[in-house]
Each structure stands twice: as C-alpha cells, then as structure tokens.
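Below is one structure, written out as structure tokens; comments come after it.
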Amino acid sequence: MVARAADALNRSPTTRSTIGRPRISRPNRTPVRASGILKPPTDEDHTMQLEVLGVGGAGCRIADAIRAAEPTDHSFLTDVFAFDTDGSSLSGTVIPESHRFRYGPDDIDGGLGGDLERGRTVGRACADDLLERVTRTTAAAADAILVAVGLGGATGGGTVPALVAALQQRTDTPVYVLATLPADREFDAAADRARSGPRGSAADAPRPNAAANAVATLERLDGVASAIITFDNEDWLRPGEALRDGRDRCNRELATRIAAVFAGGGDSDGAVAQTVVDASDIRRIVGDQSAVVALGYGDQTVETNGSRFGLGLLSAEPDVDTSDAVSATETVVRKGIHGKRSLECDPETAERGLLIVGGPPAWLNRRAIAEGRRTLESAIGGSGILGGDAPRLDGDRVFAAVVLAGVESERIEALRAAADRAETAD
Ligand SMILES: Nc1nc2c(ncn2[C@@H]2O[C@H](COP(=O)(O)OP(=O)(O)OP(=O)(O)O)[C@@H](O)[C@H]2O)c(=O)[nH]1
Ligand SMILES: [Mg+2]
C-alpha cells in the first residue's frame with residue numbers, strides 16, 4: 001500500500017516533459033501537509049527523473065559528483081551534461097564526451113578568470129547553442145532540470161542566468177539552480193589562511209571578484225530560476241584548507257544530499273515506499289519563485305544481513321528491533337533538521353519543508369518517520385510540510401534528507417556587504 005505525500009490534494013498528475021516538448025500547464029503549487037491516506041501504487045508512482053547540466057569549473061565537477069552518487073539500485077538521472085569555456089577543466093570530468101561541450105570564442109580556452117562581464121556576453125551569445133545541444137542529445141524525459149554552478153566565477157555565473165531563462169521559455173519542466181557560494185578565503189586576504197597554512201603550495205589563485213560576482217549572479221537568477229539550492233563553501237571547507245584540496249570532498253557531500261532528495265521516493269528494485277515523494281511534491285515545496293533552498297542531512301550506518309532481499313526472499317529480511325529502528329530514525333532526523341546545512345540558516349525562517357527518511361526497508365519505522373515530520377513542522381516557521389520514505393535495498397545506512405525552502409541567510413547578506421566593500425575600495 002502506498003500513500004502519496006500529497007494525497008490530500010486534488011492535484012494534477014505528475015507531468016513529465018523534456019526540453020523541446022510542447023509546453024504543458026503547471027500544476028497548482030500550494031504546499032500541503034502530507035496525508036496518511038493509503039492508496040495502491042499507480043503508474044504515476046515512478047522514481048523522479050532529473051536532468052543535470054553543469055556549467056563552468058565547479059558546475060561540471062558537481063555534475064560529475066552527482067553522477068557518481070546515483071544509487072545503483074535507484075537511478076534518478078536522465079542525462080548529465082558538462083559545459084565550460086575551459087577545455088582542460090572540462091576534460092578533467094568523467095562525463096562522456098557526447099555530453100561535454102566547450103563553448104565560447106577560441107581565445108578564452110582557459111576560462112574567463114572571473115571576468116563576469118565577459119562571461120555574461122559569452123553566456124548570452126551561447127545560451128541558445130547550449131540549449132540546442134541539450135535538446136539534440138537528451139535521451140529521456142525529465143521531471144526537473146538541475147543546473148549546477150559555482151557562484152563567484154565568470155563562466156558559470158555569466159552563462160547560467162541566460163541558459164536558465166532559455167530553458168524556462170522552452171519547457172514547463174522546473175529548472176532548479178544548484179549554486180555554491182564562494183568562501184571568504186577566495187576574495188578576502190585577511191581570511192586567506194589557506195595560503196599561509198601548511199598546504200601553502202596548493203593554494204588557489206585568489207578570486208578578488210568572487211563575492212561581487214556571486215551577488216550579481218544571484219540577483220540575475222532571481223525570478224528566473226524555479227528555486228536556488230545553495231551550498232556554502234565557506235562552511236564546508238576546513239580552516240586553512242585550499243578550495244582545490246577540499247573541493248572533491250565538498251562535492252561528494254553536496255551530491256549525497258542531492259541524491260537523497262531527488263532519488264527520494266518511488267520504488268527501489270521492488271521495494272515500494274509507503275509514502276512516495278515525487279517530482280510534483282518537490283515542486284510544491286521549493287516552489288517556482290526562486291526561493292533560496294538549504295539542504296539538511298543526517299545518516300547512520302546500520303546492521304544489515306549483508307544479502308539483498310530483492311530475490312523474492314522477503315523472509316530473509318533481517319529482524320530489526322523496533323526500538324533500534326525508532327532510535328536510528330530519531331537520530332538522523334535530528335541531524336537532518338538541526339545539524340550542519342548546505343547553507344547556514346535558521347530553520348524558523350523556512351516557509352516550507354520536506355523530510356525524506358530512507359534506508360534498508362526493515363529499518364524504516366513508519367511511526368518514527370511520522371514523528372520526524374512533526375518535528376520538522378514545529379522547527380520551521382512556515383506551514384507547508386511534506387514527508388516520505390525511501391527504501392534502499394542495497395543500503396547500509398538510515399538517512400534523513402531535509403529540504404528547507406524560502407530560507408533567509410545571513411551569509412548572503414555578508415557576501416553582499418563584502419561585494420559593497422570591494423566596490424568602495426576600487
Ligand atoms: N563546491 C565547489 N565549489 C567550487 C569548485 N570549484 C570552484 N568552486 C567555487 O565556484 C566558484 C567559481 O569557480 P569556477 O566554477 O571554477 O568558475 P567558472 O565558472 O569556471 O568561471 P571562470 O573560471 O572564471 O571562467 C569559485 O569561486 C568557488 O567558490 C568545486 O569543485 N566545488
Ligand atoms: Mg573556469
């Protein structure tokens with residue numbers, strides 16, 4: 001028996017579209033509470049399918065990391081593309097050549113070195129061409145498009161607003177932007193312990209424009225991106241660590257969170273979620289008004305009997321003590337709501353929230369998950385909450401993924417202040 005996270009609604013069926021397909025009307029996006037109504041699975045209960053476009057150095061590496069994080073028993077990606085003006089950075093990704101494109105004039109083959117004005121000119125000139133390549137190469141329909149970019153540079157920051165605007169014109173599929181925020185050490189010499197620290201030789205080239213570029217790009221994305229999922233490098237790099245040294249770890253952390261949210265509900269090789277979170281639920285929570293979104297995550301390794309029970313041998317499912325299952329869920333939900341987020345913010349400022357609890361089916365305790373949803377509901381200021389579960393037959397951990405949408409963050413204000421200071425100093 002399956003409950004849909006948004007069963008209480010007279011909702012439109014999940015719409016799947018792909019770039020180039022005819023426009024379809026957007027469903028009503030009023031957020032709703034999850035209901036406990038049970039309903040048998042229907043054709044609509046499919047795993048969400050996400051198309052990922054990485055743009056610029058960070059965007060392409062993050063797209064790579066998301067591909068690597070796709071659970072083997074739970075595919076959720078259609079096509080993953082990498083676009084960069086920098087050919088050598090592009091060839092550092094493992095995205096297949098058919099999905100990798102260098103673009104822009106030949107004289108900028110090494111990237112744009114943070115010159116955002118030039119990046120915007122190149123981006124505007126190339127957006128339609130990139131879109132054309134996506135349309136031509138895309139193999140399968142997607143429920144949402146995720147455009148990954150590092151705010152602070154010129155290639156990604158210059159291209160993504162134009163590319164997202166072009167995508168929004170072409171399709172009714174929501175276009176989410178996944179954006180990293182720059183770390184202070186990139187643009188603030190006083191904060192640049194990375195260069196005086198023990199790994200001085202591996203320090204990055206400074207990006208004096210990073211804060212100003214990030215703020216300018218965020219402003220251009222406002223009203224264009226369906227939602228902006230944020231990841232703050234400042235919080236995730238270790239003290240004294242150069243971006244180059246820490247970026248792969250950061251990208252793995254980010255990709256784990258993206259996979260936990262977007263590979264969420266649906267069935268996993270035969271195991272069906274009790275409450276499915278699908279593409280339209282995510283859409284209801286993050287909205288279509290460029291809300292700033294922060295992701296929370298918690299996990300805990302649990303005992304499994306080591307064998308998969310997808311062979312029809314359901315009796316091989318290990319016995320899990322109810323109190324152990326409840327306690328694992330409580331722990332991961334607490335970490336997901338109150339632990340370190342992709343962007344530091346007060347959950348109280350969130351307008352809407354989503355909780356997905358996943359793991360080996362024997363560890364998913366329905367009552368504890370419902371309790372987790374109530375905990376999230378009381379933690380956020382707004383009132384739109386959805387929740388669901390995500391069985392993972394191959395998994396050895398219980399996890400909670402938390403989406404906080406419409407948050408306010410002091411970090412974005414701090415970047416704005418740094419950008420203003422840099423402008424005054426010029
Ligand atoms: N999390 C993460 N952030 C990164 C990574 N690489 C770069 N960044 C961040 O992204 C910002 C932009 O860097 P890039 O993506 O390299 O810039 P670009 O879009 O290629 O633009 P140009 O090189 O200036 O043409 C930087 O200021 C960093 O804050 C990465 O691999 N992971
Ligand atoms: Mg670059």
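The values are calculated or read from the model by the stated rules, or taken from the named source; none is laboratory data. Here the structure is a predicted model, which is why all the values come from computation and not from measurement. No Cβ is skipped: glycine too gets one built from the backbone with ideal geometry, and neighbour counts run over all protein chains shown.
Which residue out of Thr135, Thr93 is within 20 Å of the chain's Cα centre (by Cα) and more than 25 Å from Ala291 (Cα to Cα)?
Working: Thr135 fails: within 20 Å of the chain's Cα centre (by Cα).
Going through Thr135, Thr93 in turn, just one is within 20 Å of the chain's Cα centre (by Cα) and more than 25 Å from Ala291 (Cα to Cα): Thr93.
So is Leu53 within 16 Å of ligand 2 (Cβ to nearest atom), at pLDDT below 95 and either among the aliphatic types (A, V, I, L, M) or in a strand (DSSP E or B) (or both) or not? Step through it out loud before you land on a result.
Numbers: within 16 Å of ligand 2 (Cβ to nearest atom): yes; at pLDDT below 95: no; either among the aliphatic types (A, V, I, L, M) or in a strand (DSSP E or B) (or both): yes.
Here the answer is no, as Leu53 does not meet what is asked.
Quick check on my filter: what residues within the range 189-209 are touching a Pro at 6+ places or on another chain (Cβ under 9 Å), modelled with pLDDT of 80 or more and surrounded by 16 or more Cβ atoms within 10 Å (Cβ to Cβ)?
Within the range 189-209, just Arg207 meets the criteria.
State all residues of the range 68-105 that are charged (D, E, K, R), surrounded by fewer than 22 Cβ atoms within 10 Å (Cβ to Cβ) and either within 14 Å of ligand 1 (Cβ to nearest atom) or closer than 17 Å to Thr159 by Cβ (or both); if no residue qualifies, say none.
Asp86, Arg100, Arg102
Is it the case that Thr329 is touching a Phe, Trp or Tyr at 6+ places or on another chain (Cβ under 9 Å), among the hydroxyl-bearing types (Ser, Thr, Tyr) and not in a loop (DSSP other than H, G, I, E, B)?
Details: touching a Phe, Trp or Tyr at 6+ places or on another chain (Cβ under 9 Å): yes; among the hydroxyl-bearing types (Ser, Thr, Tyr): yes; not in a loop (DSSP other than H, G, I, E, B): yes.
Considered against the rule, which asks whether it is touching a Phe, Trp or Tyr at 6+ places or on another chain (Cβ under 9 Å), among the hydroxyl-bearing types (Ser, Thr, Tyr) and not in a loop (DSSP other than H, G, I, E, B), Thr329 comes out as yes.
Any chance you could count how many residues in the range 155-182 are under 17 Å from Asn233 (Cα atoms) and within 16 Å of ligand 2 (Cβ to nearest atom)?
Looking only at the range 155-182, we keep the residues that are under 17 Å from Asn233 (Cα atoms), and these are 156-157, 177-182.
Narrowing further to those that are within 16 Å of ligand 2 (Cβ to nearest atom): 156-157, 179-180, 182.
So the count comes out to 5.
Please pick out the residue among Ala148, Ala68, Ala140, Ala127 that is touching a Ser or Thr at 6+ places or on another chain (Cβ under 8 Å) and at pLDDT 95 or above. Let's see the steps before the verdict.
Details: Ala148 fails: touching a Ser or Thr at 6+ places or on another chain (Cβ under 8 Å); Ala68 fails: touching a Ser or Thr at 6+ places or on another chain (Cβ under 8 Å); Ala140 fails: at pLDDT 95 or above.
From the options Ala148, Ala68, Ala140, Ala127, the qualifying one is Ala127.
Hey, can you tell me all the residues within the range 332-348 that are without any contact (Cβ under 8 Å) to a residue 60 or more places away in the chain and either of a type outside the set (Lys, Arg) or not assigned by TED's automatic domain parsing to the domain that holds Gly387 (or both)? Outline the logic, then answer.
We begin by selecting, within the range 332-348, every residue without any contact (Cβ under 8 Å) to a residue 60 or more places away in the chain; these are 334, 338-339, 348.
Answer for the range 332-348, where residues must be without any contact (Cβ under 8 Å) to a residue 60 or more places away in the chain and either of a type outside the set (Lys, Arg) or not assigned by TED's automatic domain parsing to the domain that holds Gly387 (or both): His338, Gly339, Glu348.
Would you mind telling me which numbered condition in (1) farther than 30 Å from Ala189 by Cα; (2) touching a residue at least 60 places away in the same chain (Cβ under 8 Å) Arg416 fails?
Evaluating Arg416 over (1) farther than 30 Å from Ala189 by Cα; (2) touching a residue at least 60 places away in the same chain (Cβ under 8 Å) leaves (1) as the failure.
Please count how many residues of the range 216-257 are assigned to a helix (DSSP H, G or I), away from ligand 2 (no atom under 16 Å from the Cβ), over 21 Å from Gln168 (Cα atoms) and hydrophobic (A, V, I, L, M, F, W, C).
Selection size over the range 216-257: 4.
Please tell me if Leu355 is within 24 Å of Asp288 (Cα to Cα) and either assigned to a loop (DSSP other than H, G, I, E, B) or modelled with pLDDT of 95 or more (or both).
Details: within 24 Å of Asp288 (Cα to Cα): yes; either assigned to a loop (DSSP other than H, G, I, E, B) or modelled with pLDDT of 95 or more (or both): yes.
Yes: the conditions hold for Leu355.
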